[in-house]
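See structure below.
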Amino acid sequence: MTKPVPLSEDGTAPEERAIQTTAALEGDGADIAQARHLAARFLARVQAEQGLPVSRRAVDLTQLVVSELVTNARKYAPGPVLLDLRIVDGMVEVKVWDSEPVLPVARAADAGRVGQHGLEIVMAVAQGFEVRRGPVGKRITVRIALLDDPGGAVAGRNSL
């Protein structure tokens, strides 16, 4: 007879629970720096406590993506922003919720345009990108590989 596995409050077995951290950002001038530091600390914890390898490139790209998404949320959406980081299938998944229901659209490439390249950058470095409208606002989800391709190639973007 097998012994039942105790479930957590969310109904998952301990080994099924995601490695994650979540932060509510309230809108002061330190949000972007706070979010970048949270991302770096989270990935350092993933390495130290979980023994998962994380490349320097993954840390840098995660901080870049977090910075761009939080900047856009602060710029275009009133109210707080929720940042969620978790490890899923060898990737760091970055989710940013904000109160603005309008979905962002990457603009056409224009080398002469100053600024407003954030979404283009995020889409270029991510292995997965998704935007969903919610009951209030929207959620942007980006996935970044924890490890570099051994051949040095950067994986292309896939839908989530």
Would you call residue 106 within 11 Å of the chain's Cα centre (by Cα) and of a type in the set (Gly, Ala, Ser)? no
Residue count for region 79-115, restricted to those that are without any contact (Cβ under 8 Å) to a residue 12 or more places away in the chain and either touching a strand residue (DSSP E or B) at 6+ places or on another chain (Cβ under 8 Å) or within 19 Å of residue 62 (Cα to Cα) (or both): 1
Restricted to region 1-43 and to residues being in contact with a strand residue (DSSP E or B) (Cβ under 9 Å, 6 or more places away or on another chain) and either assigned to a loop (DSSP other than H, G, I, E, B) or modelled with pLDDT under 50 (or both), the residue surrounded by the most Cβ atoms within 10 Å (Cβ to Cβ) is 27
Check on residue 47, of a type in the set (S, T, N, Q), loosely packed, with under 15 Cβ neighbours inside 10 Å and out of contact with any strand residue (DSSP E or B) (no Cβ under 7 Å at 6 or more places or on another chain): yes
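The values are calculated or read from the model by the stated rules, or taken from the named source; none is laboratory data. Only a predicted model underlies this, so the values are computations on that prediction, with no experimental measurement involved. In this analysis, Cβ positions are derived from the backbone assuming ideal geometry, glycine residues included, and neighbour counts consider all displayed protein chains.
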